[in-house]
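To keep things clear, I will list the structure first and then write my remarks on it.
Quick note: the coordinates plus some simple rules give every number you see, no bench work behind them. Keep in mind the model is a prediction, meaning the values are calculated, not measured. Every residue, glycine among them, receives a Cβ derived from its backbone with ideal geometry; neighbour counts consider all protein chains shown.
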Amino acid sequence: MAQEFSRTDRVGSQIQRELAGLVHGELDDPRLGMVTIQAVKVVRDFSHAKIFFTFLGGQLNARETARILNDASPYFRHELGQRIKLRSVPELHFVHDESIDRGEKLSSLIDQAVASDAAKHKPDSDD
């Protein structure tokens with residue numbers, strides 16, 4: 001019987017939970033706004049982890065936010081090493097998750113197309 005979740009998925013989920021608490025509680029940079037850890041993808045040998053994040057508000061754009069998070073990654077690795085029992089903690093690479101932005105754009109385009117189609121096929125009230 002195949003495993004429901006692989007070890008990399010379980011470790012990724014645990015890293016996600018721990019990082020969410022660390023980013024929220026330990027990172028004191030008022031320019032960041034609210035950062036949310038969306039997903040963590042860990043490579044098979046546990047040497048690297050790609051952390052996908054989104055943010056709301058703040059004074060910085062996605063690139064600057066990613067830079068600040070990547071600059072803080074040695075601190076996060078150290079803290080993860082204290083909290084998670086792993087032989088070695090993977091290197092952390094923060095990447096802005098653009099899927100929500102793309103979803104909002106697609107939803108907006110669909111709404112526009114539906115409204116346009118409805119306006120074209122609206123029955124004339126003069127009949």
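Miscellaneous remarks
- Total residues in segment 9-32 satisfying the condition of being surrounded by 14 or more Cβ atoms within 10 Å (Cβ to Cβ) and more than 13 Å from the chain's Cα centre (by Cα): the figure is 8.
- Glu79 vs. criteria of a type in the set (Asp, Glu) and under 16 Å from the mean Cα position of the chain (by Cα): no
- Filter result (over 29 Å from Ser6 (Cβ atoms), of a type outside the set (A, V, I, L, M) and touching a strand residue (DSSP E or B) at 6+ places or on another chain (Cβ under 9 Å)) within segment 25-60: Gly33, Gly57, Gly58
- Residue satisfying all of: in segment 76-121; basic (Lys, Arg) and assigned to a helix (DSSP H, G or I); nearest to Ser13 (Cα to Cα) among these: Arg83
- Residues of segment 16-63 that turn out to be of a type in the set (A, V, I, L, M) and part of a helix (DSSP H, G or I), as a count: 5
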